[in-house]
Amino acid sequence: MLSKLDLHGPSVEIVRRCGAALSDVIDSKFGCVATFDGVDFARQKKPTVAPEKRFEFTLPAGVKVSVWKADLTNCPVEAVVNAANENLQHYGGLALALSEAGGPQIQKESQDLIRKSGVLQTGDAVVTGAGLLPCKMIIHAVGPRLPTYASKYELAQAEKQLKMAIYNILNKVKENHLKSVAIPAISSGLFLYPLPQCADAIVTAVKGYYERSSGHRPKEIRLVNHDEPTVKEMSRACHQILGSQHSMSYSQAAGGTSRGDAKTSTTTVQMGNVSLTLKKGNIEEQQTDVIVNTAFNRDLRSGQISKAILSKAGRSMQTEMNNAHMNGYVIITQAYNLKCKEVYHTFCTERWKETMQENLFRSVSECLWSASKKGHNSIAFPAIGTGGLGFSKTEVAQIMSNSVATFAQSSSQKMDIYFVIFPSDNYTFKAFEEQIRFFLQKPSHPSITPGPEPEGKSDFHRSRDPTPRISLSGLSREAEREAEQWLRGILFESPGSYTICNNFILHFGEEEQSQLSRLIKEHHVSIEESFEAGRASIIVQGESTVDVAVAGLQVEAQLIIIQKEFVKEEESTIFKLISQDVSVKKKAVDDTSREFSDRMSAFKKTGLRPVKVDRVENAALEKLFEHKKEQQGGIKPKTMYQCIPAQFIDMVSRVGFHTEFAPPDDPAYGEGIYFASSPKKAMEVWKGPKKGYLHFVEAEVLTGNSAAGQRDLILPPLVGEDPLEMYDSVSGPDISVIFSGYQALPKYIITCEV
């Protein structure tokens, strides 16, 4: 799926000033990935230091240790280490640089952590999110603090504490199964640890840890600093403690020209957070998170690559393939006997209004964004289209490489991408090798100016100065259209006022109120909060439509942070209750099935047409629901409905029903969770949009022993005089209200076109 929206006028400035916040909001509200072309972002910063590798050594445990002169705020690793203080107040040195580059979320998460767990001790290491930094997380480590003239005893004590900090950092790497981490010279700056001794302690600790540690090991530990004296000391310590090994320059490393690479016929280019590697091998033998198959139809016995994958995976893959739902260009199946997590089967057949070249480009793009959205870190592609589709080898190399380069331009997630060429296919390997070498030789970033395309072919990716544009990639066409409709309202139709209706506004604390005050001053807008009839809202107004939109999107971004924390805490609560992690599956219901037609019949009287039905499977919620059912004496649940905003669909699927997700237009029967007896009644309880889509949740609801509802009830009324015996729910005409979300179980998400 791919929807595009051209930008012009004020919309370009809105996106330029808050692209990161806008991307997060679109992902949270609609489950769509937004990519931006032709926009010079205000927040984008070039590295202050050109990355340069100075040393590399592989420990006996298989962990690569390298020394880099580089900017830690732009380091292409899964985690960076911050030299933190005990209170996680990031007011100076590296901590300030990371906090400023990553945005206010880093300081907020740090403060929340200290508030919950207390002040850290020297040698401790803790993890927070990375905000806008190009990595997954930050590991905050507290190194020892020394006086200006430290004694030998103080240095000896500090060495033990610094090594403990390194051990705890590496423990976090193990716990989070990280593949790479960047560690600076902790304590050597503001904490006054002498640089030579600091370097020796860090390198000795890394070496010692992997001599004794078992379990998960990362691929690489980078010792990263931006100043020449520190880099030299780190290199010196590594040479003395680890031993000498041939080290490559940065350009050689990127080009894959080491002796080891030559043996395995690999070439690698780094594009921001994306590492693209060309290698020879059998696609079915790859050990990446995702393996991509190129298919002509659902019969995996057609085509050499499909046959090889089917032979390795086993017959069960074909059975799943026959019944699987196709999204866009891809069918996703389990891996079975393959050494990956999932297999993406692409279908590159010509479509209306699309050339074959466009189709191939989009197929690769959809695989990449689907893998990114699912949190996968690696993906392997064969050479798609060199067989039955009739593309030349050079053409396939250019189109696939350009698709990866476009993905790399917008991806904030670290991803290892492999082009795997059959070992004896030297001509195809050479075509891909020439294309990747072209990227390596370009003076500018390859994802901005990809390689040339064949003459006479489509110009879908030829422009060097692309028109400002937002591209939306979602798991369904409905999600993309809804996101596009919302975007148009923000970017092109805003009359100087931005209204946000979201009951998570009620979760705003002192920090969020402080941020609202800053937005008022920075953007010269007014921000009004209100709470009427059980619904919270914020209205942003001002003379400049750009300032209003930017401020409004920043408020939306604040709400996303709060919502994510809410879901995280609810999942933790569920685990404490039943000792079971939350695991959610949403499966599209075949529109030719009885299951789909049953949902259709329920909507006959609404005038709406269901266009998509997803079945929700959440074993943890089912277990809690069954507990509630037993407590009520096994009374049969009722099938009831909620009408819910798109942004809360995923949250309902993960943690069940909560009052914040779908407050009714009029809470006449209490301050609980409302359900309607039919979709038609749900449309009365929740007044939806006049165009676009409405989303309904079909649920099983345990209404049990019910009483008449009344306004302002926050709990069900008492059955008698016993203060511990309350009704299970309250009700109104064709309405039931419960006060515990575990009394309802989401079964289907039904999307209807208005």
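The values are calculated or read from the model by the stated rules, or taken from the named source; none is laboratory data. Small disclaimer: the values here were computed from a predicted structure and weren't measured. When we count neighbours, we look across all protein chains shown, and the Cβ atoms used for this are built from the backbone with ideal geometry, even at glycine.
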Looking at segment 208-230 only, could you name the residues that are closer than 17 Å to Q240 by Cα, crowded, with 19+ Cβ neighbours inside 10 Å and either over 30 Å from the mean Cα position of the chain (by Cα) or β-branched (V, I, T) (or both)?
T230
Test I202 against the criterion of being touching a strand residue (DSSP E or B) at 6+ places or on another chain (Cβ under 9 Å), part of a helix (DSSP H, G or I), closer than 21 Å to V80 by Cα and of a type in the set (V, I, T), and give yes or no.
yes
Does any residue of segment 528-538 turn out to be in the same structural domain as K690 (by TED's automatic domain parsing) and assigned to a loop (DSSP other than H, G, I, E, B)?
no
Across segment 300-322, what is the number of residues that are out of contact with any Ser or Thr (no Cβ under 6 Å at 6 or more places or on another chain) and touching a residue at least 60 places away in the same chain (Cβ under 8 Å)?
2
Taking the stated definitions as given, is L88 in contact with a strand residue (DSSP E or B) (Cβ under 7 Å, 6 or more places away or on another chain), at positive phi and either crowded, with 23+ Cβ neighbours inside 10 Å or not in a loop (DSSP other than H, G, I, E, B) (or both)?
yes
If I ask for residues that are touching a Ser or Thr at 6+ places or on another chain (Cβ under 8 Å), more than 17 Å from Q318 (Cα to Cα) and assigned to a loop (DSSP other than H, G, I, E, B), which ones from segment 275-299 would you list?
T288, D289
Of everything in segment 363-375, what is surrounded by 23 or more Cβ atoms within 10 Å (Cβ to Cβ) and more than 13 Å from V274 (Cβ to Cβ)? Give them in sequence order.
S363, C367, S370
A557, sole failed condition from (1) surrounded by fewer than 16 Cβ atoms within 10 Å (Cβ to Cβ); (2) under 24 Å from E109 (Cα atoms):
(1)
Exclusive hit being at pLDDT 90 or above, crowded, with 21+ Cβ neighbours inside 10 Å and in contact with a Cys (Cβ under 9 Å, 6 or more places away or on another chain), set Y344, Y329
Y344
Having 3 or more residues that are within 30 Å of the chain's Cα centre (by Cα) and not acidic (D, E) is the bar; report the strands (runs of 3 or more DSSP E) wholly within segment 649-754 that clear it.
693-701, 744-753
Could you please find all residues in segment 122-150 being assigned to a loop (DSSP other than H, G, I, E, B), farther than 11 Å from A79 by Cβ and in contact with a helix residue (DSSP H, G or I) (Cβ under 9 Å, 6 or more places away or on another chain)?
T122, G123, D124, G131, L132, P134, G143, P144, R145, L146, P147, A150
Filtered residues of segment 55-91 (kept if in contact with a Ser or Thr (Cβ under 7 Å, 6 or more places away or on another chain) and of a type in the set (F, W, Y))
F55
Which of (1) in contact with a strand residue (DSSP E or B) (Cβ under 6 Å, 6 or more places away or on another chain); (2) of a type outside the set (G, A, S); (3) over 25 Å from K69 (Cβ atoms); (4) not in a helix (DSSP H, G or I) does N168 not meet, given it meets every other one?
(4)
Of all residues in segment 607-631 being farther than 20 Å from A744 by Cβ and surrounded by fewer than 18 Cβ atoms within 10 Å (Cβ to Cβ), which is farthest from the chain's Cα centre (by Cα)?
G607
Looking at (1) farther than 19 Å from R654 by Cβ; (2) part of a loop (DSSP other than H, G, I, E, B); (3) of a type in the set (D, E), can you tell me which one D581 breaks?
(1)
Can you pull out the residues in segment 107-121 that are in a loop (DSSP other than H, G, I, E, B) and in contact with a Gly (Cβ under 6 Å, 6 or more places away or on another chain)?
none
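Show me the strands (runs of 3 or more DSSP E) entirely contained within segment 1-72 in which 3 or more residues are over 30 Å from K232 (Cα atoms), modelled with pLDDT under 80 and not acidic (D, E). Give the steps one after another, and end with the answer.
Values: elements: 3-6, 33-37, 52-58, 64-69.
Ranges flagged: 33-37.
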Can you confirm whether E569 is in the same structural domain as S514 (by TED's automatic domain parsing), in a helix (DSSP H, G or I), free of Cβ contacts under 8 Å to residues at least 12 places away in the same chain and out of contact with any Leu (no Cβ under 6 Å at 6 or more places or on another chain)?
yes
L223 vs (1) modelled with pLDDT of 95 or more; (2) assigned to a helix (DSSP H, G or I): all pass except (2)
Quick check on segment 431-438. Is at least one of its residues among the aromatic types (F, W, Y), in the same structural domain as I309 (by TED's automatic domain parsing) and either in a loop (DSSP other than H, G, I, E, B) or at pLDDT 50 or above (or both)?
yes
